[in-house]
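First the structure, in the form of structure tokens, and then the observations on it.
The values are calculated or read from the model by the stated rules, or taken from the named source; none is laboratory data. Just so you know, these numbers come straight off a predicted model, no measurement behind them. FYI the Cβ positions are ideal-geometry reconstructions off the backbone, even for glycines, and counts take in every protein chain you see. Only protein heavy atoms, including side chains, enter the accessible area calculation; ligands, DNA and RNA are left aside. Shrake-Rupley method; radii C 1.70, N 1.55, O 1.52, S 1.80 Å.
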Amino acid sequence: MSWIREGELTIIERFCANIIKAGPMPKHVAFIMDGNRRYAQKCHVERQQGHSQGFDKLAQTLRWCLNLGIREVTVYAFSIENFKRSKEEVDGLMDLARQKFSRLLEEQENLKKHGVCIRVLGDLPLLPVDIQELIAQAVLATRNYNKCFLNVCFAYTSRHEISNAVREMAWGVEQGLLEPSDVSESLLDKCLYTNNSPDPDLLIRTSGEVRLSDFLLWQTSHSCLVFQSVLWPEYSFWNLCEAILQFQMNYSALQKARDSYLEERRRQQMERDQAYVTQKLQQEGCASHGDSRRRRTLLQKCTALREERIQGFLQALEHKRADFFERLCPVSA
């Protein structure tokens with residue numbers, strides 16, 4: 001089964017898609033693809049067959065998203081917690097990953113045609129080395145495509161991601177790239193695995209479970225969360241349309257909350273900068289408020305130096321992450 005199925009919507013699907021696209025559309029949709037094992041039990045087949053059917057549904061769902069103009073999709077493919085399942089099931093999932101990433105490498109023309117950039121997010125060293133190598137080849141082969149993006153969270157949990165982001169910032173301070181005062185929510189955003197993506201507008205979980213299961217906890221604080229009872233392998237175009245309609249009904253409130261949060265974050269950064277300038281003026285022996293021109297000059301210098309440090313740190317971090325893939329796949333690099 002191909003990663004992205006070729007084909008167009010049916011006439012009635014296309015008609016409904018055009019109506020839906022008249023409203024605000026999510027640019028980035030995240031999926032918790034839950035229900036593969038229950039589907040296998042329901043159909044009296046092996047668990048591995050349920051997982052395989054789940055991948056086939058992902059390929060079909062990606063086509064629907066492309067047809068609807070949704071250019072970024074993030075999927076929860078394998079949680080770090082899944083390593084606690086039986087050895088037989090984990091081995092089966094690893095075999096499925098080998099098959100699908102190998103197939104992806106055979107489909108480079110199709111990925112190039114659609115401009116699909118594949119990103120694999122997670123603690124990849126936890127995976128078998130041969131799977132890491134396949135992932136590295138896929139990431140490097142598609143990294144320059146930019147029409148649409150598929151983020152596959154593999155060996156991932158959100159708490160692990162956030163902990164890793166904190167460690168990256170600590171590394172930046174240790175290396176002299178950052179000042180401790182540079183650490184902020186905004187910088188943590190840029191240290192997450194998802195730093196190259198906007199936050200999801202819409203998160204969908206199937207199978208009737210009403211929880212996030214440690215998936216994108218940081219990124220979905222202002223996302224529309226939709227929980228649907230359908231099992232993932234049985235997901236349909238109409239289920240996706242229903243979720244988008246829920247997003248559209250809540251769009252104004254979500255946008256207002258997101259804008260308010262960003263404004264508050266900017267205000268807090270300005271207050272920190274003002275406090276820094278006041279401290280510098282006091283160290284220089286100036287009055288508490290100091291000369292207004294001197295204050296403006298210091299504030300501009302403070303902001304410029306911080307941005308310079310942060311950009312240098314982010315470049316070093318990006319180089320470190322790219323180097324991980326290139327070491328695994330030196331020929332493609």
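Details
- Taking first residues from segment 159-173 that are in contact (Cβ under 8 Å) with a residue 40 or more places away in the chain and partners that are of a type in the set (Phe, Trp, Tyr) and surrounded by 21 or more Cβ atoms within 10 Å (Cβ to Cβ), the Cβ contacts under 7 Å between residues at least 6 apart in sequence or on separate chains come to 161/193; 172/313.
- Among the conditions (1) open to solvent by 30 Å² or more (accessible area, probe 1.4 Å); (2) in a helix (DSSP H, G or I); (3) β-branched (Val, Ile, Thr), the only one that residue 45 does not satisfy is (2).
- Every pair of residues 6+ apart whose Cβ atoms lie under 6 Å, when the first sits in segment 209-238 and is more than 21 Å from residue 81 (Cα to Cα) while the second is of a type in the set (Asp, Glu): 237/13
- Search result, residues across segment 65-96 that are open to solvent by 10 Å² or more (accessible area, probe 1.4 Å) and within 22 Å of residue 197 (Cβ to Cβ): 66, 67, 69, 71, 72, 76, 77, 79, 80
- Of everything listed in (1) over 30 Å from residue 200 (Cα atoms); (2) surrounded by 14 or more Cβ atoms within 10 Å (Cβ to Cβ); (3) among the basic types (Lys, Arg), the single unmet condition for residue 296 is (2).
- Of the residues in segment 223-239, at least one is surrounded by fewer than 16 Cβ atoms within 10 Å (Cβ to Cβ) and small (Gly, Ala, Ser).
- Residue within segment 79-98 that is within 18 Å of the chain's Cα centre (by Cα), at pLDDT 95 or above and outside any helix (DSSP H, G or I) present: yes
- Of all the listed residues (187, 203), the sole one being open to solvent by less than 10 Å² (accessible area, probe 1.4 Å) and either farther than 13 Å from residue 165 by Cβ or among the β-branched types (Val, Ile, Thr) (or both) is 203.
- Verdict on residue 122 being surrounded by 15 or more Cβ atoms within 10 Å (Cβ to Cβ) and either out of contact with any helix residue (DSSP H, G or I) (no Cβ under 8 Å at 6 or more places or on another chain) or in contact (Cβ under 8 Å) with a residue 40 or more places away in the chain (or both): yes
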